[in-house]
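Everything on this sheet refers to the single structure shown next.
The values are calculated or read from the model by the stated rules, or taken from the named source; none is laboratory data. Computed from a prediction, not measured in an experiment: that's the story for all the values here. Glycine also receives a Cβ, built like all others from the backbone with ideal geometry; neighbour counts cover every protein chain displayed. Side chains are part of the model used for accessible areas, which takes the heavy atoms of the whole protein and leaves out ligands, DNA and RNA. Shrake-Rupley method; radii C 1.70, N 1.55, O 1.52, S 1.80 Å.
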Amino acid sequence: MSYSLVVGEPYPRQVNWPKSAVNLVLNENYVEIIHSFDGLTSDEVAAFTTGSVTVAVTVGDRHLMWCYRFDGPPRAGTPKAILGWGDSPWEAYRQSDRTVGVPGQQGEPFTAYMVLVDASTGIVGGLRTAEVSGDVADALRYGVARQLALPYDHEAASREIDAVYRRHPSTQSLLREAIAGQRIPALDN
């Protein structure tokens, strides 16, 4: 990355932040996973920054789906804060401002930079890194290669994504098509 990220400061690139979505930045040198949410509680921010993370990947011909869940660290006397299951589609050809790729070689894990952004302000609300397993990394490599092997056709990708959402009304249902998944433990405080 050629920019720095600081909690409490604006994300350094101009982005039209959707509410409750994830933007994957897949590059041969780094992976940035930007979660944009609006109106999170301090417990939900803590779930993002220090809780456990569960991720999964599904792959289509012209898209992949990034599925995610954050579970807050347990605290005595309070319910566990979570950012429940969510999913976001990703298309390689829509990442036009950066070279598309996935770090490392087949079977190798990589470190992902995870960023929490307030969708209404563009302010960075949380940062963490996560070691993405070789299985999830390979699923991303496979999905990227599959997309790049086909000519760009956004309409076909949109039809494919729409069909996925018709088959799966929830992320939990979509997880049945995941080709890889992983639970990343909570960070030590």
Residue ID - nearest to I123 (Cα to Cα), chosen from residues in the range 20-39 that are in contact with a strand residue (DSSP E or B) (Cβ under 7 Å, 6 or more places away or on another chain) and outside any strand (DSSP E or B) | D38
Qualifying residues in the range 10-26 (those that are farther than 13 Å from A119 by Cα and surrounded by fewer than 16 Cβ atoms within 10 Å (Cβ to Cβ)) - the one modelled with the lowest pLDDT = R13
What is the residue count in the range 113-132 for residues that are in a strand (DSSP E or B) and either farther than 19 Å from N27 by Cα or open to solvent by less than 20 Å² (accessible area, probe 1.4 Å) (or both)?
-> 12
List, please: which pairs have Cβ atoms under 6 Å, are six or more places apart or on different chains, and start with a residue in the range 171-189 that is of a type in the set (G, A, S) and end with one that is open to solvent by 80 Å² or more (accessible area, probe 1.4 Å)?
-> A180/D135
Matching residues, the range 158-186, being over 23 Å from S52 (Cβ atoms), out of contact with any helix residue (DSSP H, G or I) (no Cβ under 8 Å at 6 or more places or on another chain) and surrounded by 16 or more Cβ atoms within 10 Å (Cβ to Cβ) | E160, I161
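Do we find a residue being of a type in the set (S, T, Y) and either surrounded by 14 or more Cβ atoms within 10 Å (Cβ to Cβ) or modelled with pLDDT under 95 (or both) anywhere in the range 100-112?
no
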Lone unmet requirement of (1) in contact (Cβ under 8 Å) with a residue 24 or more places away in the chain; (2) open to solvent by 70 Å² or more (accessible area, probe 1.4 Å) for Y68 | (2)
Scanning the range 27-63 for residues that are among the charged types (D, E, K, R) and either in contact (Cβ under 8 Å) with a residue 60 or more places away in the chain or under 30 Å from P151 (Cβ atoms) (or both), the one least open to solvent (accessible area, probe 1.4 Å) turns out to be E32
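For L150, state whether it is within 18 Å of L24 (Cβ to Cβ) and among the hydrophobic types (A, V, I, L, M, F, W, C).
So L150 does not fit the description; no.
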